[in-house]
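This report refers to the structure that appears directly beneath it.
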Amino acid sequence: MSEAEKYDHHLIEKKWQDKWSQDGLYVTKDDPKKDKFYCLIEFPYPSAEGLHVGHPRSYTALDIVARKKRMEGNNVLFPIGFDAFGLPTENYAIKVKKNPADITKDNIERFRTQLKSLGLSFDWSREVVTTDTEYYKWTQWIFLQLYKKGLVYQSEMPINWCPSCKIGLANEEVVNGKCERCGTEVTKKNLKQWMFKITQYAQRLIDDLDTVDYLEKIKSQQINWIGRSEGAEVSFKIKYPRLAGNKTKHCLIVHGVSGHRRENWFPWLKNVLQEEGWQVGVPDLPATDHPVVNDWTKALMDSFSDVSTIVCHSLGAPAALNLIQETNREIDQLIMVAPVNPLQDWKHLNKEFPHADWDAIKKFADLKFDWKKIKQNVRKVVVYYSDDDPYISPESIDFYKKHIPEASFKLLPGKGHFNERKGIIKLPELLDDLIPSVKIFTTRPDTIFGATYLVLAPEHELVEKLKPEINNFEEVEKYIKASQNKSDLERTDLAKDKTGVELKGVKAINPASGEEIPVWVADYVLTGYGTGAIMAVPAHDERDFEFATKYKLPVIKVIEPIIVHSENQPHPEIVANKSVFAGEGNLINSGKYNGLTSFGKLGAKVKIIEDLKKLGLADSSVQYKLRDWIFSRQHYWGEPIPLVHCEKCGIVSVLEKDLPVELPKVKNYEPTETGESPLAGIKDWVNVKCPKCGGKAKRETDTMPNWAGSSWYFLRYTDPHNDKEFASQQALKYWTPVDLYNGGMEHTTLHLLYSRFWHKALYDLKLVPTSEPYQKRISHGMVLAEDGKKMSKSLGNVINPDDVVKEYGADTLRMYEMFMGPFAEAIPWDTKGIVGVRRFLDKVYLLGLRAKGLGVKGVDEKIKSLLHKTIKKVTEDINEFRFNTAVSALMILVNEMQGARKIDKITFEKLLLILSPFAPHLTEELWLQLGNNKSIHLESWPKFDPRLVKDQKIEFVIQINGKLKDKCLMPADVTEEDVLQYLEQSSKIQELIADKQVVKKIFVPGKLLNIVVK
RNA sequence: GGGCGAGUGGCGGAACUGGUAUACGCGAUGGACUUAAAAUCCAUUGGUGUUUAUCCACCUUGUGGGUUCGAGUCCCACCUCGCCUACCA
């Protein structure tokens, strides 16, 4: 082939790209008569670097699918847009001191030119850009709908904070625990954040995966990320430490003036405490003889000589204080429920309690409390009060706050005076003070007898609560502070030893065995998951084992592996010899559960929980690793969150008619010192009138994350110019769900999950017709650099697609990207390999030139058959995304056609048709040169003839003991008899089996005959 | 540590439900064309051995076992690499 016979890609490609655009060849109209096919690529982020050689790989692949689908008669939607908000642009803007909006505009322009040079059949008329106000107006509108639905809330959350850049970082900006930009170790900072309740959808996000067609590994990644685990919450009671020794558990309950009603709330407490082995004294005194009088006090102390705890209610409170003062006895804890201020004027209550001795009560006012003395005698004071108590005013509580500031004051809203007539008010909180307990989450309740200690996360609230009981509180506090200051990296570094500290003086009771076990605080237990506390079973959990070994805590084996002797199982001794056995098995050392299996419907897992449930000590529980979605970003370049903080009304939505809340232009994009968004500094933007009351208000200055705009862009494509709705119901009904969605594996957790959640929320609001956004999801492999590493600017190994297009043409680039390897796998780029596909296209071109002179009919049967086989193969390969083998099939056909003696125009045209999705420019050029007057891309996809695909004659294989020994040409439907007959005449085979004994013969129709000899 | 996936020539890779391993492409070698080079075309190209008339034999899909008439493909163990994830009880 000479130079002249090579085609000029510059000329051809530009010509057709312009023509197609002029003719609107790829503009899609909604057409209910045609079957729709919605084919979607992840829209790119228009970075300053421009397109990278990885983009065309997936775009071409889906372009091929889209083109084929069109030829098959579908109405195809194949749109394109840009996901343009986000940090890289903001950072770049700060660096070059330009407006991110201007930078974005330039970048998109560059991307458009590049994308257009590839001959992709996008419908550019539907282009969507997330940073356009017409687009983000609707992102904000949807946010408001979700806000109104109660899916959005505000919460103080620790965010990643770079102390050097003074900036909040998104998770994806933290690389190995360090700031992506400056390399400083990232710490945590508490900031109020807007959150999405994605956890509410956790179960549905798992369940509905059954209704969609995703690659298995994508499904499993989603399921893993959501991380459902079934288990149980079990309460471990804390042993009240001061009672452990010589003291008896003795509680005195002192009621108020309404002594006749004390049964309204005392009995339950009395019962519970008695069940726990406490002695309980409730002075059963007539109301008229209320215990203010010193005589009574003395009598009381005589009869209850060893009281460790006093619970008092209402007027019982000053009485109890008086009691403590007068008797000068040490009390462990004093719990005051709705305590009365003794200085209060009680006259107005005379009528309500006519039987009370008001003369005696009035003496309260005369009491002189010696607060110092009282406080010396009581170790711990707890005060419960309510916000709607008709008898106890806030001033009463202030009285106690003034005199006993050390007490813990607990407001329980809506409890009234804690003595409602209608029923008994139970105060589990109070019980927690008397008999505190730790709730733990476990997936292995069957190992509970092996729980030799408890571990609390450092942030666990019980630590503070047990403060008076902890003998080494200073040490504990130091540990907690230290672990809070640790960076995430340090805290999750598995290589480092686990650390922890024991709460000395505190013991917990194993509810199954009744054993006393120590309680530790350690940061290998996470606050955010489960209950923030675990029972440690060192014999059957690696982490617990490691910790127990370090701190010399007991290890009790309670599960024995079931020994099954089977060749297909790992050897049982290997399992048995491990110090930690985390599998299932039979129970030992577990009291009455010994001998049960750990698993199964009748196993210990179920049985133990059932039994503990009856005692009110356990409950089945399902936990998810998935956390709520932190939706706030303290950055400039994102959609403003359309909320307003009003001094009077609190948080108020921006009115729909006032959307979009536009990003103001500012001079400085640098984040602020405080971690607030740069928007906070723009006074005339921040200060607004409240949409509700018209009063003073401030705008929310946080912006949305990138994931917002990309959660619903595919909906906008269906109706991109609608200014009344985000998309019309009609368009949504016709086009959704997306039939085929391709993207990178790196987006299968975050983007895909967020987007599915967002869509489900819209579905619940009846704003979209389907509960799942994407019917099918596939994923492409990365294009690696020639050295096999990731392409990156810093390594200087990036290949620019523009250079390839310039030198070899878009068709060549497209075909090479398809040919390089399996679509789903990462493949290194090989510039040398490109010439192979270019040579192939040159061959096609040459064949085309020759074909012009050919007759309409007359072709070798062999070529005809191969053509039909190739049509079949290419059709199937595109359906299965096996583009590499489709290309190779096309190459084989072209090689054969080149060497063929006889070939006709129709055969060549069919080749062009099946090649056209891969190389749209060249095939269009040749198609029209051959005298056709309509674009090849408007033609139908050719069908193969099944008769021609089947070979008449086949190469039949003769094996001896499975090894190939001979081949012979046979009719496709050859019988065993015919083959055997052939064998008898074959001297070669006869020789080979001459001195052997033929055991049997295996005949596989249409394939082979295997002779088994000895 | 967990999850998923992959190991096939000098290289990228192919092989449908177990049935001819190495398709297709790159590279390499030799030849044709050319003053020469490029381009193009033709031939060869997994390894070893033997023979050189190119016939033949044996070996070969990370390693070691197993199932089977037959294993790149299925099972078990191990090794290596990649991606995602990370103390989730």
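The values are calculated or read from the model by the stated rules, or taken from the named source; none is laboratory data. What you see is a predicted model; the values in this text were computed from it and never measured. Ideal geometry is used to build each Cβ from the backbone, glycine not excepted, and the neighbour counts take in all protein chains shown. Only protein heavy atoms, including side chains, enter the accessible area calculation; ligands, DNA and RNA are left aside. Shrake-Rupley method; radii C 1.70, N 1.55, O 1.52, S 1.80 Å.
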Report task. Name the lysines eligible as straight-distance cross-link partners of A:Lys410: C-alpha to C-alpha under 17 Å, and not fewer than 8 places from it in the same chain. Result -> A:Lys380, A:Lys401, A:Lys402, A:Lys426, A:Lys465, A:Lys467
Report task. Enter the mean projected area of the convex hull around the alpha-carbon atoms of region A:811-909, in nm², rounded to one decimal. Result -> 6.4 nm²
Query raised in the report: Using only Cα atoms, what is the ratio of the radius of gyration of region A:364-435 to 2.2 N^0.38 Å?
Result: 1.24
Report task. Give the accessible surface of region A:711-791 per residue, rounded to a whole number of Å², with probe radius 1.4 Å and ligands, DNA and RNA excluded. Result -> 35 Å²
Query raised in the report: Using modelled backbone amide H atoms (1.01 Å from N, in-plane), which distant-in-sequence or interchain residues come within less than 5 Å of A:Met791's amide H?
Result: A:Ala785
Query raised in the report: When only the heavy atoms of the protein chains count and the probe is 1.4 Å, how do A:Arg126, A:Arg947 rank by accessible area, highest first?
Result: A:Arg947, A:Arg126
Report summary line: Sorted by chain and then number, the residues having a modelled amide H within less than 5 Å of the amide H of A:Ile159, at least 5 places away or on another chain, are A:Lys189, A:Asn190, A:Leu191
Query raised in the report: If A:Ser437, A:Ser755 are ordered by their accessible area, calculated over protein heavy atoms with a 1.4 Å probe, which sequence runs from highest to lowest?
Result: A:Ser437, A:Ser755
Query raised in the report: Under 15 Å Cα-Cα from A:Lys68, which aspartates and glutamates qualify once same-chain neighbours fewer than 8 residues away are excluded?
Result: A:Asp35, A:Asp739, A:Glu876, A:Asp877, A:Glu880, A:Glu924, A:Glu939
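Carbon-plus-sulfur fraction of the accessible area of chain A, 1.4 Å probe, in percent? It would help to have the intermediate numbers written out before the result.
Values: 23800 of 47170 Å².
It is 50 percent, rounded to a whole number.
What is the sum of charges, Lys and Arg at +1 and Asp and Glu at -1, for the other residues whose Cβ falls under 12 Å from the Cβ of A:Lys467? Please report the intermediate quantities before stating the final value.
Values: positive: A:Arg379, A:Lys380, A:Lys465; negative: A:Glu406, A:Glu461, A:Glu464, A:Glu469, A:Glu474, A:Glu477.
Local net charge: -3.
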**Report entry** Degrees, to the nearest 10: A:9-23 long Cα axis against longest axis of chain A
**Finding:** 70 degrees
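By the scheme Lys and Arg +1, Asp and Glu -1, what is the net charge of all other residues having a beta-carbon under 11 Å from that of A:Pro1005?
In short, -1.
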Report summary line: For A:Thr327 the rounded accessible area (nearest 10 Å², probe 1.4 Å, non-protein molecules ignored) is 40 Å²
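Distances over 14 Å make up what percent of all Cα-Cα pairs in region A:879-943? Before the final figure, lay out the partial values.
Numbers: 1262 of 2080 pairs.
The share of Cα pairs beyond 14 Å in region A:879-943 comes to 61 percent.
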**Report entry** Solvent-accessible surface (1.4 angstrom probe) belonging to A:Trp138, in square angstrom, nearest 10
**Finding:** 20 Å²
**Report entry** With Cα atoms, 0 to 90° folded angle of helix A:834-851 axis to chain A main axis
**Finding:** 40 degrees
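Among the DSSP beta bridges whose two residues both lie in chain A, what percent are antiparallel, rounded to the nearest 5? List each step's numbers first, then the result.
Values: 74 of 120 bridges.
The answer is about 60 percent antiparallel.
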Query raised in the report: Quick one: what does P(r) look like for region A:79-122 with 5 Å bins over all Cα pairs, in whole %?
Result: 5, 22, 26, 19, 14, 10, 5, 1
**Report entry** Solution diffusion estimate, µm²/s, Stokes-Einstein, region A:728-813, Kirkwood Rh from C-alpha pairs, 20 °C, viscosity 1.002 mPa s
**Finding:** 133 µm²/s
Report summary line: One point scatterer per Cα, no solvent, Debye formula: log10 I(q)/I(0) for region A:766-852 at q = 0.11, 0.19, 0.23 Å⁻¹ comes out as -0.47, -0.90, -1.15
Requested in this report: Would you kindly compute the Cα radius of gyration of region A:949-1014 and its largest Cα-Cα separation (Dmax), both in Å?
Outcome: 11.7, 42
Report summary line: Residues meeting the amide H criterion for A:Lys507 (H placed from the backbone, H to H distance under 5 Å, 5 or more places apart or on another chain) are A:Lys239
Query raised in the report: When we measure straight from the Cα of A:Lys1001, which lysines land under 19 angstrom away, once same-chain ones fewer than 8 places off are left out?
Result: A:Lys963, A:Lys965, A:Lys967, A:Lys988, A:Lys1014
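When Lys and Arg each count +1 and Asp and Glu each count -1, what net charge do the other residues less than 12 Å away from A:Arg126, Cβ to Cβ, add up to?
Working: positive: A:Lys29, A:Arg716; negative: A:Asp30, A:Asp123, A:Glu127, A:Asp719.
Net charge in that neighbourhood comes out at -2.
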Query raised in the report: Hey, what angle do you get for helix A:542-551 against the long axis of chain A, alpha-carbon based, 0 to 90 degrees rounded to 10?
Result: 40 degrees
Report summary line: region A:868-1014 accessible area per residue, 1.4 Å probe, protein heavy atoms, integer Å², reads 53 Å²
Query raised in the report: How would A:Phe409, A:Phe196 rank on accessible area, largest to smallest, probe 1.4 Å?
Result: A:Phe409, A:Phe196
Query raised in the report: P(r) of chain A in 20 Å steps, Cα pairs, percent per bin?
Result: 10, 28, 30, 20, 9, 3, 0
Query raised in the report: Can you pull the accessible area of A:Thr447 for me, 1.4 Å probe, Å² to the nearest 10?
Result: 10 Å²
Query - Cα point-scatterer Debye curve for region A:26-157, base-10 log of I(q)/I(0) at q = 0.17 Å⁻¹ - result: -1.00
Query - Where labels lie 7 Å past Cα in the beta-carbon direction, separation of A:Tyr529 and A:Glu156 in nm - result: 2.5 nm
Report task. Mind checking the per residue accessible area of region A:456-541 for me, 1.4 Å probe, whole number of Å²? Result -> 46 Å²
